[in-house]
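Everything on this sheet refers to the single structure shown next.
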Amino acid sequence: KTTVKNFGKYKISVDTIAPKIKFIQSKNKKDYKTGDIIYFKVGDDFSGMGKFKLTINDVFQLAEYEHKTGMIFLKLRENTPKGKIKVKLVLDDKKNNRALYETSLEFN
């Protein structure tokens, strides 16, 4: 409920749309190794980026977010388990709309 002193057009908006996540894979990149970086292009058109959580095989990984480019990235460490790994990114916007991205990668 509100009151206004001037006539005009007013708009009320509600953010119900989850942020977008896109995994950026290098061309012809099939296998990953220690030191490689995995990238996700992320964005939200309305309320803005909130919190995110990146896991490998359900173990939390400390990833970084670059606001200017809209990229979340993680440098793979030597303690990453060998073989097929499950990478999962959960991303919330500032209104708690949630996006989820999961993929499997080969780590050697």
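The values are calculated or read from the model by the stated rules, or taken from the named source; none is laboratory data. Please read these numbers as outputs of a predicted model, since none were measured by experiment. Here the Cβ positions follow ideal geometry from the backbone for every residue, glycine too, while neighbour counts run over all protein chains shown. Please note that ligands, DNA and RNA were not included when accessible areas were found on the heavy atoms of the full protein model with its side chains. Shrake-Rupley method; radii C 1.70, N 1.55, O 1.52, S 1.80 Å.
Numerical summary
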| read-out | value |
| --- | --- |
| Where residue 60 falls short, out of the listed (1) open to solvent by 60 Å² or more (accessible area, probe 1.4 Å); (2) at pLDDT 95 or above; (3) farther than 18 Å from residue 98 by Cβ; (4) not acidic (Asp, Glu) | (3) |
| Residue selected from region 46-98 under the condition hydroxyl-bearing (Ser, Thr, Tyr) and within 12 Å of the chain's Cα centre (by Cα), by the criterion nearest to residue 19 (Cα to Cα) | 65 |
| Where residue 76 falls short, out of the listed (1) at pLDDT 95 or above; (2) open to solvent by less than 30 Å² (accessible area, probe 1.4 Å); (3) closer than 18 Å to residue 96 by Cα | (3) |
| Any pair with Cβ under 6 angstrom, 6 or more apart, that starts in region 79-98 at a residue that is open to solvent by less than 10 Å² (accessible area, probe 1.4 Å) and ends at one that is not in a strand (DSSP E or B) | 85/57; 91/19; 93/19; 93/44; 93/47 |
| Among the residues listed as 42, 14, the single one being more than 15 Å from residue 106 (Cα to Cα), among the β-branched types (Val, Ile, Thr) and in contact with a strand residue (DSSP E or B) (Cβ under 8 Å, 6 or more places away or on another chain) | 42 |
| So residue 99, is it assigned to a loop (DSSP other than H, G, I, E, B) and in contact with a Leu (Cβ under 9 Å, 6 or more places away or on another chain) | no |
| Residues of region 5-40 that turn out to be aromatic (Phe, Trp, Tyr) and surrounded by 10 or more Cβ atoms within 10 Å (Cβ to Cβ), as a count | 4 |
| Pair list, Cβ under 6 Å, 6 or more apart: region 23-52 residue touching a residue at least 40 places away in the same chain (Cβ under 8 Å), other residue surrounded by fewer than 13 Cβ atoms within 10 Å (Cβ to Cβ) and among the polar types (S, T, N, Q) | 31/108; 33/108 |
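One line per residue, one yes/no per condition, for (1) under 18 Å from residue 105 (Cβ atoms); (2) among the charged types (D, E, K, R):
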position	(1), (2)
6	no, no
9	no, yes
76	yes, no
85	yes, no
